[in-house]
1. Take residue 203 and decide whether it is modelled with pLDDT of 90 or more, more than 28 Å from the chain's Cα centre (by Cα), open to solvent by 20 Å² or more (accessible area, probe 1.4 Å) and acidic (Asp, Glu).
2. Give, as residue ranges, the strands (runs of 3 or more DSSP E) completely inside region 375-427 that count at least 3 residues that are within 25 Å of the chain's Cα centre (by Cα) and touching a residue at least 60 places away in the same chain (Cβ under 8 Å).
3. Could you list, in sequence order, all residues of region 134-158 that are outside any loop (DSSP other than H, G, I, E, B) and closer than 23 Å to residue 26 by Cβ?
4. Can you tell me which of 194, 168 is assigned by the TED database to the domain that holds residue 240 and at pLDDT 85 or above?
5. Looking at residue 282, is it over 30 Å from residue 185 (Cα atoms), surrounded by fewer than 18 Cβ atoms within 10 Å (Cβ to Cβ), of a type outside the set (Ser, Thr, Tyr) and modelled with pLDDT under 95?
6. Residue 59 is checked against (1) over 12 Å from the mean Cα position of the chain (by Cα); (2) modelled with pLDDT of 90 or more and fails just one. What number does that condition carry?
7. Under 6 Å between Cβ atoms, which residue pairs at least 6 apart in sequence (or on different chains) link something in region 240-261 that is more than 19 Å from residue 158 (Cβ to Cβ) and aliphatic (A, V, I, L, M) with a partner that is open to solvent by 10 Å² or more (accessible area, probe 1.4 Å) and more than 9 Å from the ligand (Cβ to nearest atom)?
8. Between a residue in region 210-221 that is in contact (Cβ under 8 Å) with a residue 24 or more places away in the chain and any residue that is surrounded by 11 or more Cβ atoms within 10 Å (Cβ to Cβ) and basic (Lys, Arg), which pairs come within a Cβ distance under 7 Å, given they are 6 or more apart or on different chains?
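The values are calculated or read from the model by the stated rules, or taken from the named source; none is laboratory data. All of these numbers come straight from a predicted model, not from anything done at the bench. Cβ: placed from backbone, ideal geometry, glycine included. Neighbour counts: every protein chain shown. Heavy atoms of the whole protein, side chains included, go into the accessibility calculation; ligands, DNA and RNA do not. Shrake-Rupley method; radii C 1.70, N 1.55, O 1.52, S 1.80 Å.
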Amino acid sequence: MSQYSEEIERRRTFAIISHPDAGKTTLTEKLLLFGGAIHVAGAVKSNKIKKTATSDWMEIEKQRGISVATSVMAFDYSGHKINILDTPGHQDFAEDTFRTLTAVDSVIIVIDTAKGVEAQTRKLMEVCRMRKTPVIVFVNKMDRDGKDPFDLLDEIEEELHINVRPLSWPIDMGQRFRGVYNIYEQKLNLYTPSKQYVTENVEFKDINSPELENYIDAGQAEKLRSDIELIEGVYPEFDVDTYLKGDIAPVFFGSALNNFGVKELLDCFINIAPSPRPVSAVERVVDPEEDAFSGFVFKIHANMDPNHRSCIAFVKICSGRFERNANYKHVRFGKMMRFSSPTAFMAQKKEVVDEAFAGDIIGLPDTGNFKIGDTLTSGEELHFKGLPSFSPEMFKYIENADPMKAKQLNKGIEQLMDEGVAQLFTNQFNGRKIIGTVGQLQFEVIQYRLLHEYGAQCKWEPISLYKACWIESDNTAALENFKRRKAQYMALDKEGRDVYLADSGYVLMMAQQDFPDIKFHFTSEF
Ligand code: G4P
């Protein structure tokens, strides 16, 4: 127990993740409405870069402005302090989302009832699984016709490799949608299509009571009874500890747009979702309730104004209390720093705060001191783990297009990479710089920002690569031999680690076969 226990235990820091269009923005907005953080629907400007695979960078730039404010949304609800971390919907910024997931204690996954599990959800769930992040599933858009709920649960289990346990159950769907039976609270929630906040709740401990027919028609009542019987027979009893270990995901059904099932989700969430969890550093595991402050930078947001090249470094507080104007150690620099205007994010506002606690996110205005993964502490030498880079999907050589501005270009590349915009690999053979991204949009972002923020011009040249693999081996001679044999394909990442750039899946497979002593990793942390 620490003097801050009470503050820390009431915090719930989480992210809502989904495939674009499943309803993440809508759900976020409804949660904020319940928290009283906003008063009208439509107030949350989506941080998503609108779907239509836009490559209009000006548009993105505009939206990026919005996304600083909406990156973290905090509000109080029923004695709890809720911190929602927003994640960019566009898949080209998936890396950003992965990093945000390192700063949350749990996750709500939104699934569209008609579309089921989609590509982006699968990828994000992989990261949650790696980190054993507790997950709650919200099946959205029940006001539309969708998949059979049992089939959907099977699909979630199969595709997301996680066990599920429904805690609410839909009564029909689409036009005939009548509501849900809240298994968790044993209540019948009746649906009236409305975008306002009203739902009719009826306490209903025993759905076998003939009274059920007073609320829903006989056919639906019968179906509900047999569904619930099946659920109780097939799915294990819900157990909070199993959820907290990341082994089982409770499932809720509803319609975010109609504000239906959202309050039930939130009420259950604050009860079962974890307060800040211990975080592993290289040196030791740090408990949130320790008195000494510690935290790490998981996101850097550049200023949009090119005349002020300042950023906001987003810090997740891992332990203790952060105080404005106190001295904290920037571990990588080994020097003490003070922060006179740390900001917190209340709903959609950003404001200077005097203190913040483990679980909270603070924004520190910065002019290039921070990079992603940096640790701040009260003085202890700690390095938090778990901010992996993933092998990029696309690669291009980056070349200088204005010989007078080589210095600016190099500085720009370095800072953008520190911000985590993309990954840089330097070919060990010819020294050429290769940028790796998740999607095409990132190349455009880099080119645009180099020009507008650093006055540097770059051009892209094609390189055909399949994957970047971080390699290691206990056998030094084997490692040296591999590096010699693959000299043209060896690169160094930004931290100076050896990376093998495989130009095709086949070549990679052959390399794995021919060099059994070498371990190939697709993420930078292993
Ligand atoms: P995202 O952030 O996950 O990308 O999804 P978002 O909330 O923007 O929702 C995507 C679309 O789905 C929106 O419609 C939204 O209104 C709709 N939607 C969300 N929840 C529900 C629901 O429960 N039922 C139904 N029927 N639709 C829902 P849109 O037309 O694409 O956008 P908009 O113009 O309404 O903003």
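1. no
2. 375-377, 423-427
3. Selection gives 135, 136, 137, 138, 139, 140, 149, 152, 153, 155, 156.
4. 168 is the lone residue from the list that is assigned by the TED database to the domain that holds residue 240 and at pLDDT 85 or above.
5. The answer is yes for residue 282.
6. All conditions are met except number (2).
7. 244/274
8. So the pair list comes out as 216/178; 220/178.
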